[in-house]
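J.: Before anything else, here's the structure in question.
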Amino acid sequence: MMQEFRRDLLTEFAGLPVYEFCFADREELAEGDVPADVENWAWRIALDDAEAEAGGFAQVFELFLDSVDTTRVRALVLGYWLVDYDSEMDSTTATGPLIEHAKSFPALEALFVGDMHAEQTEVSWIYQSDPGPVLAAFPALRTFGLRGTTNLTLAPFEHTALEELTFQGGGLPPTVVQALGASTLPALSTLELYLGDRWYNGGTTGEDLAPILSGRAFPELCHLGLRNGDNQDRIAVALAHAPVVARLETLDLSLGNLSDQGVAALLAGQPLTHLKSLDLHHHFLSEEMMQRLWAALPGVLVNLDEQEQADISEELLENGESDIEVRRYIAVAE
């Protein structure tokens, strides 16, 4: 499964360590800067943010083509391509050159688009685009992920080889979730969606997820991650009786604002004892509910790390009554 995102870059991808290729000038390359064992690395192509300039990504990519035997590249990570707030440079800045040279990457099995850390840009400022063209250009891809959901669009698509799909961000548009549920991915076994905050274009509901939760969309699905949601209790309610859960091996509802209400719905629904693991880390559960969950699932690896505390504010109204507001935050927003 894809490395979890909070603020940092990927250090490994598709089971391989990441090697940073951020050279824009051949004179910057010293002997030994390019590993000879090409197939043993996930190659991140990115601008050096200290020297970033518009149009520079194309230079880095061109030098990569000239310096690395791309026929042996198995995993590729497209990183910082310069976030230009005036032109809103999107992911096609990076995927365009890759699609143009698709035939130079016959062994490519894993691709990640938008690997940027928080000091380069906030996740909500990563401008994406429709990933359909790059997926179509690489029909043998088994793993695909992206980070950033601003301007992200998706049309229903078909890909017969894709086994793992991950969308990371602070707010996944419900229209993207709907299109995904209408897609044909017969080999997909791992799906992770960072649902995010409605203030950052999130707001996915159980209805949006219905084709996925029904089990009809992806017949081979065995890991489902509906993570980082700001309405995680409602997602838990939708999962409580969702047919797909019965054939999952692992379920991940981490990074969101899950509370006792959501877990109570899960425990009142269908059995979860068949799961190998249930990941709920970064949650807002009470000690009592945590104990209840562990007791109900003794054979399941339940991750309840990062017990968070809600932010409770109280305002005295003119009529003498109190207005109490409870805020529970997701892990990845801006």
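J.: Given Cβ point charges of +1 (Lys, Arg) and -1 (Asp, Glu) and nothing else, what value in debye, to the nearest 20, does the dipole of the chain about its Cα centre take?
T.: Dipole about the Cα centre, nearest 20: 1720 debye.
J.: Rank-order 215-228, 18-31 by packing density, defined as the average count of other C-beta atoms within 10 Å over each peptide's residues, highest first.
T.: Ranked by mean Cβ neighbours within 10 Å, highest first: 215-228, 18-31.
J.: Which whole-percent values make up P(r) of the stretch 1-120 when all C-alpha to C-alpha distances are grouped in 10 Å steps starting at zero?
T.: Taking all Cα pairs of the stretch 1-120, the binned fractions are 13, 48, 34, 4, 0 percent.
J.: Can you list the residues of the stretch 165-194 with backbone N under 11 Å from a point 7 Å past the Cα of Trp125, pointing along Cα to Cβ?
T.: Answer for this model: none.
J.: Mind putting a number on the dipole of the stretch 58-141 about its Cα centre? Charges go on the C-beta only, +1 for Lys and Arg and -1 for Asp and Glu, and I need it in Debye to the nearest 20.
T.: In debye, rounded to 20, the stretch 58-141 gives about 480.
J.: Expressed as a rounded percentage, what relative contact order does the stretch 154-334 have, with Cα pairs under 8 Å and six or more residues apart?
T.: Averaging sequence separation for qualifying contacts and normalising by length gives 18 percent for the stretch 154-334.
J.: Report, as a whole number in µm² per second, the diffusion coefficient that Stokes-Einstein gives for the stretch 154-334 at 37 °C and 0.692 mPa s using the Kirkwood radius over alpha carbon pairs.
T.: Reported coefficient: 194 µm²/s.
J.: Assuming 0.36 nm per residue, please report the length gained on full extension of the stretch Ser214 to Thr153 beyond their Cα-Cα distance.
T.: Full extension of this stretch gives 19.6 nm more.
J.: If you don't mind, there's one more thing I want to ask. DSSP beta bridges in the chain, what fraction antiparallel, as a percent rounded to 5?
T.: Looking only at bridges with both residues in the chain, the antiparallel portion is about 15 percent.
J.: Any chance you could check the Cα centroid distance between the stretch 171-187 and the stretch 209-272 for me, in angstrom?
T.: 16
J.: I need the peptides 189-196, 103-110, 277-284 ranked by packing, meaning the mean over residues of other C-beta atoms within 10 angstrom, with the highest value on top.
T.: Those peptides, ordered most packed to least, come out 189-196, 277-284, 103-110.
J.: Give me the number: length gained by fully extending Glu334 to Glu31, i.e. 0.36 nm times residue separation minus the C-alpha to C-alpha distance, one decimal in nm.
T.: 105.1 nm
J.: Related question: For the peptides 177-188, 69-80, what is the packing order when you average, over each peptide's residues, the other Cβ atoms within 10 Å and list the highest mean first?
T.: Answer by packing, highest mean first, reads 69-80, 177-188.
J.: Oh, and also: Would you please give the FRET efficiency between Leu65 and Gln291, computed as 1/(1 + (r/R0)^6) with r the Cβ-Cβ distance and R0 = 56 Å, to the nearest 0.05?
T.: The computed FRET efficiency comes out at 0.50.
We did not get these values from a lab; they are worked out from the coordinates using the rules stated. Values in this document were obtained by computation on a predicted structure and should not be read as measured data. Using ideal geometry, Cβ is built from the backbone for each residue, glycine included, and neighbour counts are taken over all protein chains shown.
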